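Comments concern the structure below.
Just so you know, all these numbers are worked out from the coordinates, no wet-lab data involved. Computed from a prediction, not measured in an experiment: that's the story for all the values here. Reconstructed Cβ throughout: ideal geometry from the backbone, glycine too, with neighbour counts over all protein chains shown.
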Amino acid sequence: MTLVAPRFQTRRTPRPRLATLLTGAGVALVPWMVVLAKTLPHTAEVSNWSTAWIGLDAMLAAGLGGTGLLLGRHDPRAAPLAAATAALLVMDAWFDVTTAASGGARATAVALAVCAELPLAALCAAVAARRPVF
């Protein structure tokens, strides 16, 4: 008599409670965004501005470099890192453009977003979509 091992799913299905929690959190952010839109000042002076931007750029460097290294090794962990890096690149482009002063600074931010950050984000998203996530 031959025993056959049971087949296991390669992907886990999300737990219903976790799915409900995450969906609820997303929905709860909508009224919070309305509150912020009505109460936040148009301009603000910010502490540690350079530290925040340098930290974001450090995360981008680690994400891009790590994705490249893992991709070069055909390591499936490149996919989730590429997805996270894509999200950071889009966020970086958004904040660069929306926080830039009018004129030359905004034109530079838009040019960098269109020519560098968003194309890199699309490339990382393509890497993430083609690689299996374990």
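The calculated FRET efficiency for L40 paired with A126, based on their beta-carbon distance and R0 = 30 Å, is about 0.30. When only the Cβ of Lys, Arg, Asp and Glu is charged (+1, +1, -1, -1), the dipole of the chain relative to its Cα centre reaches about 860 debye. Once the Cα atoms are used to define both axes, helix 49-72 deviates from the longest principal axis of the chain by about 30 degrees.
Less than 5 angstrom separates the built amide H of R77 from none of the residues sequence-distant by 5 or more or on a different chain. Cβ-to-Cβ counts within 10 Å put H42, H74 in ascending order as H42, H74, the fewest first. Taking a sphere under 11 Å around the Cβ of W53 and counting the other residues whose Cβ falls inside, with K and R at +1 and D and E at -1, yields a net charge of -3.
With a cut-off of 14 Å between beta carbons, the residues surrounding C115 carry a summed charge of -3, where Lys and Arg count +1 and Asp and Glu -1. Relative contact order of the chain, taken over Cα pairs closer than 8 Å and 6 or more residues apart, is 25 percent. Report, in degrees rounded to the nearest 10, the 0 to 90 angle that the Cα long axis of helix 16-39 makes with the longest principal axis of the chain. That helix lies at roughly 0 degrees to the long axis.
With a Förster radius of 41 Å applied to the C-beta separation of L18 and A52, the computed FRET efficiency comes to 0.85. Which option, (i) -0.65, -1.42; (ii) -1.00, -1.26; (iii) -0.85, -1.31, is the value of log10 I(q)/I(0) by the Debye sum over Cα atoms at q = 0.15, 0.22 Å⁻¹ that was calculated from these coordinates? Here log10 I(q)/I(0) by the Debye sum over Cα atoms at q = 0.15, 0.22 Å⁻¹ agrees with entry (ii). Across the stretch 113-128, computed HN-Hα scalar couplings (Karplus, 6.51 cos²θ - 1.76 cosθ + 1.60, θ = phi - 60°) run 4, 6, 9, 10, 5, 5, x, 5, 4, 5, 5, 5, 5, 5, 4, 5 Hz from first to last residue, x flagging Gly and Pro.
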